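Reviewing the structure listed below.
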Amino acid sequence: MHTNALAHAYGDLLKAASALTSATPLDERERADTDWTLVHVALSDRLLATAARDVLAGTSPLVDNSPAMDPAALSSLITSTTHEGRVDLVRRNGAEFLGLVRRTPEEAAAVPVRLRVFGRDGRHVADGETTWGELVRLRAEEHLPGHAARLAGYVAAARNRSTRS
């Protein structure tokens, strides 16, 4: 499958995440959201890598995002890692997912994917179905860019605070 957009989205996310450090002057909400975002993406990438393996094996995957939205699991990963460790998790898990998508034949984009979607609070939101290609497109064009833009906004706000001090 074509992966240029997905690779670019990971690059932008990692650039924004790497521009933030544990010493970056973020307010409490920004820091908490940064931490949550990084572990959420890293855990989501694990789920998506498993789904990619299913697609490569010729089976229709179920993508259940509950492990990547479970408040207790996210909190545990946040408290057991540093910011830099979380960025590295995103880098490694994203590279694994990206590598699997690169190996996926273009015709596999039509493979149906069952979805079980949970919200940020860990509660079940919906069940549905999409195609593998659409799920990858959403990751590349909406999900990762949205997170990257928010983190880049935190970088800009922190720089602005530093210049005013």
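So, with a 1.4 angstrom probe, what is the percent of accessible area on the chain that is carbon and sulfur?
Details: 4550 of 8260 Å².
The value for the chain is 55 percent carbon and sulfur by accessible area.
Only Cα pairs under 8 Å and at least 6 apart count here; give the relative contact order of region 112-165 as a rounded whole percent.
This gives 23 percent for region 112-165.
To two decimal places, what compactness ratio does the chain give when its Cα radius of gyration is scaled by 2.2 N^0.38 Å?
1.07
List the extent of the Cα atoms of region 99-162 along each of their three principal axes, largest first, rounded to whole Å.
49, 31, 15
Using a 10 Å cut-off on Cβ atoms, rank the peptides 63-73, 117-127, 131-141 from the highest mean neighbour count down.
131-141, 63-73, 117-127
Find the relative contact order for region 6-100 and round it to a whole percent, using C-alpha pairs within less than 8 Å whose residues are 6+ positions apart.
Reported as a whole number, the value is 44 percent.
Accessible area per residue, 1.4 Å probe, Å², for region 17-165: what's the number?
50 Å²
Excluding ligands and nucleic acids, what accessible area in Å² is computed for Ser44 using a 1.4 Å probe, to the nearest 10?
Accessible surface of Ser44 is approximately 10 Å².
Please determine, in degrees from 0 to 90 and to the nearest 10, the orientation of helix 83-103 with respect to the longest principal axis defined by the Cα atoms of the chain, where the helix direction is its Cα long axis.
With both axes taken from Cα atoms, the answer is about 20 degrees.
How far, in degrees from 0 to 90, does helix 4-19 lean away from the longest principal axis of the Cα atoms of the chain, to the nearest 10?
Approximately 20 degrees, to the nearest ten.
Given contacts defined as C-alpha pairs under 8 Å and at least six residues apart, what's the relative contact order of the chain, whole-number percent?
37 percent
The values are calculated or read from the model by the stated rules, or taken from the named source; none is laboratory data. Computed from a predicted model, the values in this text were never measured in an experiment. Reconstructed Cβ throughout: ideal geometry from the backbone, glycine too, with neighbour counts over all protein chains shown. These area figures cover heavy atoms from the full protein model, side chains too; ligands, DNA and RNA do not enter into them. Shrake-Rupley method; radii C 1.70, N 1.55, O 1.52, S 1.80 Å.
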